[in-house]
Each structure stands twice: as C-alpha cells, then as structure tokens.
Amino acid sequence: MMKLLIISPVRTVCDTDVSKVFFPGTAGGFEVFPGHAPLLTSLSPGNIVYTTVSGEEMTVAVRSGCVRLLDDRIEACVETVQP
C-alpha cells in the first residue's frame, strides 16, 4: 500500500491509499508499485491513473507537474487539473 497525494495550486485533488499508480512522465509513462525506489520526475500532459486499495480505478487529467516518491508516499504537484 502507498499513500497518494495529488495537489494543485487551488485544491487537494486526491489524498488516498493506493495499490498502484500510472503517471504520464516527460520521458514516457511509468507505473509505481509499493516498494518502488525513490523518485523525482516531471509530468507531461496526460492522465494519472491510480487503483485504490479497494480495487477502484480512478483517473485525473493533468497538463504538467512533478512527482516525488519516497518511502511509499507519492506526492504529485500538478500545475493544472483538466476538468
């Protein structure tokens, strides 16, 4: 299990426990699972897709941002969240 926090300048978009997350990285899309190595990277326009611990798949559309991963805590700061 990992903790996912997605924030924009105006609100917290997501603050939940997840089993996996897909990010649209600037070097290509990538998935994060529990136990992943520490990471700091930027995001391209696309969808963040995460699976909650209950198995529900959720999608958040973003234009840009960055992701920090440390000790199964994922923090995504997104410049703009598309409706």
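The values are calculated or read from the model by the stated rules, or taken from the named source; none is laboratory data. Model, not experiment: these values are computed from the prediction. Every residue, glycine among them, receives a Cβ derived from its backbone with ideal geometry; neighbour counts consider all protein chains shown.
For the range 30-56, what are the residues that are more than 15 Å from LEU69 (Cβ to Cβ) and of a type in the set (Gly, Ala, Ser)? Listed by number, the residues that qualify are SER44, GLY46, SER54, GLY55. Exactly one residue out of SER19, SER54 is more than 11 Å from the chain's Cα centre (by Cα) and surrounded by 14 or more Cβ atoms within 10 Å (Cβ to Cβ): that is SER19. Out of the residues in the range 66-83 that are part of a strand (DSSP E or B) and among the charged types (D, E, K, R), which is nearest to PHE30 (Cα to Cα)? In this case the residue turns out to be ARG68.
Residue pairs whose Cβ atoms lie under 7 Å apart, sitting 6 or more positions apart in sequence or on different chains, and linking a residue in the range 18-31 that is in contact (Cβ under 8 Å) with a residue 12 or more places away in the chain and closer than 20 Å to GLU56 by Cα to a partner that is of a type in the set (A, V, I, L, M) and loosely packed, with under 13 Cβ neighbours inside 10 Å, are VAL18/VAL53; SER19/MET1; SER19/VAL53. When each of LEU43, LEU4, LEU69 is tested for being hydrophobic (A, V, I, L, M, F, W, C), touching a residue at least 24 places away in the same chain (Cβ under 8 Å) and out of contact with any Phe, Trp or Tyr (no Cβ under 7 Å at 6 or more places or on another chain), the lone residue that passes is LEU69.
Within the range 49-75, the set of residues being touching a Leu at 6+ places or on another chain (Cβ under 9 Å) and not hydroxyl-bearing (Ser, Thr, Tyr) comprises VAL62, ARG63, GLY65, CYS66, VAL67, ARG68, LEU69, LEU70, ARG73, ILE74, GLU75. Can you spot a residue in the range 22-43 that is at pLDDT 95 or above, within 21 Å of THR80 (Cα to Cα) and polar (S, T, N, Q)? Among the residues of the range 22-43, at least one is at pLDDT 95 or above, within 21 Å of THR80 (Cα to Cα) and polar (S, T, N, Q), which makes the answer yes.
Anything in the range 2-16 that is exposed (fewer than 15 other Cβ atoms within 10 Å of the Cβ) and either modelled with pLDDT of 95 or more or in a strand (DSSP E or B) (or both)? List them, or say none.
LYS3, THR12, ASP15, listed by residue number.
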